[in-house]
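S.K.: Next up is a structure, given as structure tokens.
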Amino acid sequence: MAISVQHTVHVNLNCNDHEQHKALLSKLGFSAASRLRPDPQDGKDMGIQGDVQWAGYAMVSGQDWQNAMIDLLTFRLPPINGQSYESLNHIGNQALIIAVDDVEATHHALRAETLPFLGPLQTTKGTGFHFRDRDGIRYDIIDRRIRNNKQPGLAGLVVNCSAIDITQTWYQDHLGFVSLSDAPDKTTLVATDYGCNNDIDCLHLTLSLPHRNNFIIRLQQPEGIHGQSYSVPNHVGLYRSAFAVEDIHQSYDRLQQQGVDCPHPPVYQDMGPGIPVDGVWALYFFDPDGNCIELIETPKIN
């Protein structure tokens, strides 16, 4: 039996300059709910030897803290490193799906940015576009009304997987996600839309929590899938996705019973000044392709 996930807390975005990214995300309708600047703390339970420290912002698009946020971080200890996935068929967390009120206005607002790629605006059903930020991280921009989102914001995460059936089963059996279709569909990632050299055929399937469908996980298995997911938490890119649970120790025990490899038990983490909680209990583990999953015990707000 899957653990009981309450909602999606955030997707972590590691960048070289969180102030620069904060300004970019403001053009997508996000604002900083709080600044993140904890003191250095032991990083062993995050898979880091020695102290770990970061700075950044919890970026939100509304007043409801149960809507998914962007955990925007620049690592200080150890320093941020690496680069985001360059190819569309690389294993790992590939893109943020952002729902906006006005796709055309958002596209226009981004024209002034010095972006590596700003895709063409699509005007057919499925209106949207794709772009990469200065760190090469990909965003898929959609009209919120397509998915009947009640408000704009972080609507999902694109995850490239080596075997879509295995990954689908894992998210269903362990985290309680459900599929929105009976079987994977076939689609083509068009080169001109994504700024790549060749069109790429792929299978895709959409998952959501059964009781909260305002955040989706779009699983993709592109042809020529290759590589491995980010191996360290301070790597540039979309490192992890985080989900809320009521009792993290109970969730840890259940995952252990199900054979999920959790390298470390839950750890209590300081959130630093300016956050309405003293800290949170967190648990880190990995999906079949090594993408980091975080569980957060829902804290009591001060």
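S.K.: In the list GLN41, GLN49, which residue meets the criterion of being out of contact with any strand residue (DSSP E or B) (no Cβ under 8 Å at 6 or more places or on another chain) and at pLDDT below 95? Spell out the reasoning first.
M.R.: On the way: GLN41 fails: out of contact with any strand residue (DSSP E or B) (no Cβ under 8 Å at 6 or more places or on another chain).
After ruling out the rest, the residue left standing is GLN49.
One line per residue, one yes/no per condition, for (1) modelled with pLDDT under 95; (2) open to solvent by 20 Å² or more (accessible area, probe 1.4 Å); (3) under 16 Å from the mean Cα position of the chain (by Cα):
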site: ARG218; (1), (2), (3): no, yes, yes
site: GLY224; (1), (2), (3): no, yes, no
site: ASP247; (1), (2), (3): no, yes, no
site: VAL277; (1), (2), (3): yes, no, no
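S.K.: Condition test on PHE131, is it open to solvent by less than 50 Å² (accessible area, probe 1.4 Å) and in contact with a helix residue (DSSP H, G or I) (Cβ under 8 Å, 6 or more places away or on another chain)? First the steps, then the outcome.
M.R.: Numbers: open to solvent by less than 50 Å² (accessible area, probe 1.4 Å): yes; in contact with a helix residue (DSSP H, G or I) (Cβ under 8 Å, 6 or more places away or on another chain): yes.
Considered against the rule, which asks whether it is open to solvent by less than 50 Å² (accessible area, probe 1.4 Å) and in contact with a helix residue (DSSP H, G or I) (Cβ under 8 Å, 6 or more places away or on another chain), PHE131 comes out as yes.
S.K.: Suppose we filter the range 13-64 for residues that are among the aromatic types (Phe, Trp, Tyr) and farther than 23 Å from LEU110 by Cβ; how many remain? Working first, answer last.
M.R.: Looking only at the range 13-64, we keep the residues that are among the aromatic types (Phe, Trp, Tyr), and these are 30, 54, 57.
Filter again for farther than 23 Å from LEU110 by Cβ, leaving 54.
Residues that pass the stated criteria total 1.
S.K.: Here is a further query. Would you please name the residue that is least open to solvent (accessible area, probe 1.4 Å), looking only at residues in the range 178-195 that are touching a residue at least 12 places away in the same chain (Cβ under 8 Å), of a type outside the set (Val, Ile, Thr) and in contact with an Asp or Glu (Cβ under 9 Å, 6 or more places away or on another chain)?
M.R.: Of everything passing the filter in the range 178-195, LEU189 is least open to solvent (accessible area, probe 1.4 Å).
S.K.: Right, another one. Can you tell me which residues in the range 11-38 are in contact with a strand residue (DSSP E or B) (Cβ under 8 Å, 6 or more places away or on another chain) and open to solvent by 60 Å² or more (accessible area, probe 1.4 Å)? Talk me through it step by step, then tell me what you get.
M.R.: Taking the range 11-38 and keeping what is in contact with a strand residue (DSSP E or B) (Cβ under 8 Å, 6 or more places away or on another chain), we get 11-18, 21-22, 25, 28-38.
Result: ASN16, ASP17, LYS22, SER31, ARG35, ARG37.
S.K.: Could you give me the residue pairs with C-beta distances under 6 Å whose first residue belongs to the range 251-264 and is open to solvent by less than 70 Å² (accessible area, probe 1.4 Å), whose second residue is among the charged types (D, E, K, R) wherever it lies, and which are 6+ apart or on separate chains?
M.R.: HIS264/ASP45
S.K.: Right, something else. Looking for whichever is over 21 Å from the mean Cα position of the chain (by Cα), open to solvent by 70 Å² or more (accessible area, probe 1.4 Å) and at pLDDT below 95 here; the options are ASN302, ASN213. Which one fits? Talk me through it step by step, then tell me what you get.
M.R.: Numbers: ASN213 fails: over 21 Å from the mean Cα position of the chain (by Cα).
After applying the criteria, what remains is ASN302.
The values are calculated or read from the model by the stated rules, or taken from the named source; none is laboratory data. Remember, predicted model here, so these are calculated numbers, not experimental data. A quick note on method: Cβ atoms are made from the backbone with ideal geometry, for glycine too, and the neighbour counts reach across all protein chains shown. Ligands, DNA and RNA are stripped out before the accessible areas are found, and what is left, the full protein with its side chains, is counted by its heavy atoms. Shrake-Rupley method; radii C 1.70, N 1.55, O 1.52, S 1.80 Å.
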